[in-house]
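Trainee: This is the structure, below, for whatever I ask next.
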Amino acid sequence: MNNVAYNDSKSVRLMEGWKTRISKLEAATGKKSSLERRLSLAYALNNTKKARDYHEAIQTPDAGLYKIFALDIVGAVVQNLIAPEIVSMQPMDNTIGQVLYLEYQYGTTKGATKAGDVFADTRNFYKSDSTYSSNQVVNEPVALTAGTGADEGKYVAQLGVMEETINGVATGLRQFQASPINPTTVSLTFTHEGQELVVTDDGAGALVDATNVISGTINYVTGKLVVGFTGMTPAEGDTVTADYSYAITYVDAGASSIRIPEIQLKMKKIPIIAQPRRLKALWSFESQYILSKEYGGANIEEIMNATVAGEIMHEIDSEVMTDLYRVAGAGPEQTWSSAVPRGISMTDHYNTFKIAVDKCCAKIYKATRRVRGNWLVGGVNVGTVCSSVVGFKAEDVADVNGPCFFGTLPNGVKVYLNPDFDDDVFVVGYKGRNDMFDTGYILGMYMPVMTIPMVQLEDMAGRKGWAAMYGKVTVNNRMYIRGRIVNN
């Protein structure tokens with residue numbers, strides 16, 4: 001999934017061009033950035049530089065201070081966001097982009113599996129037909145038609161019919177004429193008026209039914225069935241399915257092709273559009289003067305820049321976390337009771353919260369068939385419970401602004417707190433640590449924060465504006481599940 005090629009020449013060029021500033025930001029924050037954060041930062045800095053150059057061209061007298069702090073604000077926002085730790089942050093070169101991902105489909109109908117069924121994509125495994133590539137056929141629908149000629153008064157059907165498709169378009173039906181059905185492996189299940197009748201082949205081409213209701217023959221080479229009924233007439237709504245195996249290694253020199261089930265790979269696209277956030281600030285000339293004169297030359301504009309940058313980071317992180325809680329679809333909301341059962345110590349009971357989180361991780365694995373949860377975002381009470389779990393490794397969060405990394409549970413799940421969440425709710429999710437595409441939610445960063453120079457008019461009021469532009473899209477809500485602490 002990607003809206004910018006990570007190994008294209010532009011990405012390499014931008015990473016190289018901005019590496020000095022990125023290195024300084026990493027040194028200042030003491031954090032080594034991931035590839036996706038560095039790449040997003042490079043694109044964001046480049047987008048901001050273009051906007052700065054445009055501003056210089058149209059408002060040259062006001063551009064001085066703006067050049068000094070614009071890129072530093074952008075760097076501070078991207079470098080300190082929490083969102084990239086729980087979702088994928090990908091750069092946007094334009095305000096409108098697209099997220100790409102691969103989808104794998106069964107290309108041939110075999111048994112109960114239909115051509116076009118999706119069994120996997122770069123986000124998860126949806127299903128798996130364990131017999132698809134083997135010589136086993138399971139639950140193949142069988143269509144009975146009235147026989148004619150020598151088969152008049154009976155019903156005929158054809159086993160071993162596969163639907164061939166090219167680029168998702170059916171080209172017609174073809175039979176296993178080059179791959180005989182193995183004797184003694186045929187089992188037909190007839191469902192009539194809610195009852196099931198099972199008939200099998202005897203290895204000599206005859207169909208055997210213990211109730212003597214069904215009789216017939218099977219041609220092992222062509223797969224043709226001829227079926228007769230005693231005391232029963234097939235009716236609308238009846239179904240017939242077949243299980244059998246065929247000679248997968250059989251080769252007929254006269255056959256034009258060998259019938260092999262196939263899969264198809266398709267590229268899917270999801271659009272992503274950068275949307276703006278905007279803030280403005282007003283302050284009086286008197287306030288600006290007093291702050292500078294009485295507080296050691298403090299610059300109100302610099303203070304405002306830092307405050308607004310922190311607020312924008314807070315809002316982006318909180319928005320992403322709230323989105324994940326809202327879309328979580330790996331299963332129903334999981335609950336854990338804080339009420340301590342009689343005869344159990346509080347320590348032992350609070351340790352069971354880790355088990356509750358493990359269950360959430362297992363639900364994600366069940367829903368995706370490929371990943372388990374590895375992070376948790378919760379309200380303040382959730383943090384209190386986590387810190388009471390034996391073995392919890394806490395982080396220093398004495399001085400934080402908004403959402404923060406709180407620590408790590410003994411099972412390796414990283415815990416983040418969001419003061420904007422309800423106190424007792426949490427969401428467990430997954431993000432790949434080594435693959436920037438391995439995620440269920442993408443934050444497309446176009447311009448993390450953009451600002452214009454301060455302007456003062458005849459009313460002697462200072463004016464300044466800020467804006468951010470980024471896109472977001474959920475690509476797999478099965479990677480997230482909600483939870484709640486009850487009886488708190």
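Trainee: Hey, among Gly297, Gly310, which residue is over 28 Å from the mean Cα position of the chain (by Cα), at negative phi and small (Gly, Ala, Ser)?
Mentor: Gly310
Trainee: Out of (1) within 19 Å of the chain's Cα centre (by Cα); (2) of a type outside the set (Lys, Arg); (3) part of a loop (DSSP other than H, G, I, E, B), what's the single condition that is false for Leu376?
Mentor: (3)
Trainee: Quick check, is Val397 of a type in the set (Val, Ile, Thr) and surrounded by fewer than 18 Cβ atoms within 10 Å (Cβ to Cβ)?
Mentor: yes
Listed here are the residues, each with its yes/no results for (1) small (Gly, Ala, Ser); (2) touching a Lys or Arg at 6+ places or on another chain (Cβ under 6 Å).
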| site | (1), (2) |
| --- | --- |
| Gly378 | yes, no |
| Cys386 | no, no |
| Phe405 | no, no |
| Leu409 | no, yes |
| Asn418 | no, no |
| Val425 | no, yes |
| Gly440 | yes, no |
| Met450 | no, no |
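Trainee: Out of (1) surrounded by 18 or more Cβ atoms within 10 Å (Cβ to Cβ); (2) in contact with a helix residue (DSSP H, G or I) (Cβ under 8 Å, 6 or more places away or on another chain); (3) more than 30 Å from Tyr126 (Cα to Cα); (4) of a type in the set (A, V, I, L, M, F, W, C), what's the single condition that is false for Val390?
Mentor: Result: Val390 fails condition (1) only.
Trainee: Here's another thing I want to ask about it. How many of the residues in segment 448-461 are more than 24 Å from the chain's Cα centre (by Cα) and outside any loop (DSSP other than H, G, I, E, B)?
Mentor: 6
Trainee: Tell me the residue from Tyr106, Tyr66 that is more than 20 Å from Ala27 (Cβ to Cβ) and at pLDDT below 80, please.
Mentor: Tyr66
Trainee: Only one of these is closer than 30 Å to Phe125 by Cβ and part of a loop (DSSP other than H, G, I, E, B): Val371, Val340. Name it.
Mentor: Val371
Trainee: Which residues, counting only those in segment 310-337, are more than 16 Å from Gly378 (Cβ to Cβ), touching a Phe, Trp or Tyr at 6+ places or on another chain (Cβ under 8 Å) and assigned to a helix (DSSP H, G or I)?
Mentor: Ile312, Ile316, Val327
Trainee: Scan segment 18-41 residue by residue and report those that are modelled with pLDDT of 75 or more and small (Gly, Ala, Ser).
Mentor: Across segment 18-41, the qualifying residues are Ser23, Ala27.
Rundown of residues vs (1) without any contact (Cβ under 8 Å) to a residue 40 or more places away in the chain; (2) in the same structural domain as Pro84 (by TED's automatic domain parsing); (3) aromatic (Phe, Trp, Tyr), yes/no style:
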{"residue": "Tyr244", "(1), (2), (3)": "no, no, yes"}
{"residue": "Pro261", "(1), (2), (3)": "no, no, no"}
{"residue": "Glu294", "(1), (2), (3)": "yes, yes, no"}
{"residue": "Ile316", "(1), (2), (3)": "no, yes, no"}
{"residue": "Gly329", "(1), (2), (3)": "no, yes, no"}
{"residue": "Glu333", "(1), (2), (3)": "no, yes, no"}
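Trainee: I want to confirm something. Restricting to segment 319-358 and keeping residues that are among the β-branched types (Val, Ile, Thr) and touching a strand residue (DSSP E or B) at 6+ places or on another chain (Cβ under 8 Å), which single residue is farthest from Gln275 (Cα to Cα)?
Mentor: Looking at the filtered set, the residue picked out is Thr352.
Trainee: Taking segment 418-434 on its own, how many of its residues are surrounded by 24 or more Cβ atoms within 10 Å (Cβ to Cβ), over 14 Å from the mean Cα position of the chain (by Cα) and either outside the structural domain of Ile316 (by TED's automatic domain parsing) or among the aliphatic types (A, V, I, L, M) (or both)?
Mentor: 1
Trainee: Within segment 360-370, is there a residue that is within 26 Å of the chain's Cα centre (by Cα), at pLDDT 95 or above, over 15 Å from Val427 (Cβ atoms) and among the small types (Gly, Ala, Ser)?
Mentor: Yes, segment 360-370 contains at least one residue that is within 26 Å of the chain's Cα centre (by Cα), at pLDDT 95 or above, over 15 Å from Val427 (Cβ atoms) and among the small types (Gly, Ala, Ser).
Trainee: How many residues are among the hydroxyl-bearing types (Ser, Thr, Tyr) and surrounded by fewer than 18 Cβ atoms within 10 Å (Cβ to Cβ) if we restrict to segment 132-155?
Mentor: Number satisfying all stated conditions: 4.
Trainee: Could you list, in sequence order, all residues of segment 305-330 that are crowded, with 18+ Cβ neighbours inside 10 Å and farther than 30 Å from Phe426 by Cβ?
Mentor: Asn305
Trainee: Give the number of residues within segment 435-482 that are over 25 Å from Leu45 (Cβ atoms), at pLDDT 80 or above and buried (at least 17 other Cβ atoms within 10 Å of the Cβ).
Mentor: 11
Trainee: Of the conditions (1) touching a helix residue (DSSP H, G or I) at 6+ places or on another chain (Cβ under 6 Å); (2) over 18 Å from Asn487 (Cβ atoms); (3) crowded, with 19+ Cβ neighbours inside 10 Å, Lys363 satisfies every one except a single condition; which number is it?
Mentor: So the condition that Lys363 fails would be (1).
Trainee: Give, as residue ranges, the strands (runs of 3 or more DSSP E) completely inside segment 183-243 that count at least 3 residues that are closer than 13 Å to Ala157 by Cα and modelled with pLDDT of 95 or more.
Mentor: Once the strands (runs of 3 or more DSSP E) in segment 183-243 are filtered for at least 3 residues that are closer than 13 Å to Ala157 by Cα and modelled with pLDDT of 95 or more, nothing remains.
Trainee: Just one of (1) in a helix (DSSP H, G or I); (2) out of contact with any Asp or Glu (no Cβ under 8 Å at 6 or more places or on another chain); (3) among the β-branched types (Val, Ile, Thr) trips up Val397, so point out which.
Mentor: Checking Val397 against (1) in a helix (DSSP H, G or I); (2) out of contact with any Asp or Glu (no Cβ under 8 Å at 6 or more places or on another chain); (3) among the β-branched types (Val, Ile, Thr), the one that fails is (1).
The values are calculated or read from the model by the stated rules, or taken from the named source; none is laboratory data. Since we're looking at a predicted model, the values are computed, not measured. All Cβ positions, glycine included, derive from the backbone under ideal geometry; neighbour counts span all protein chains shown.
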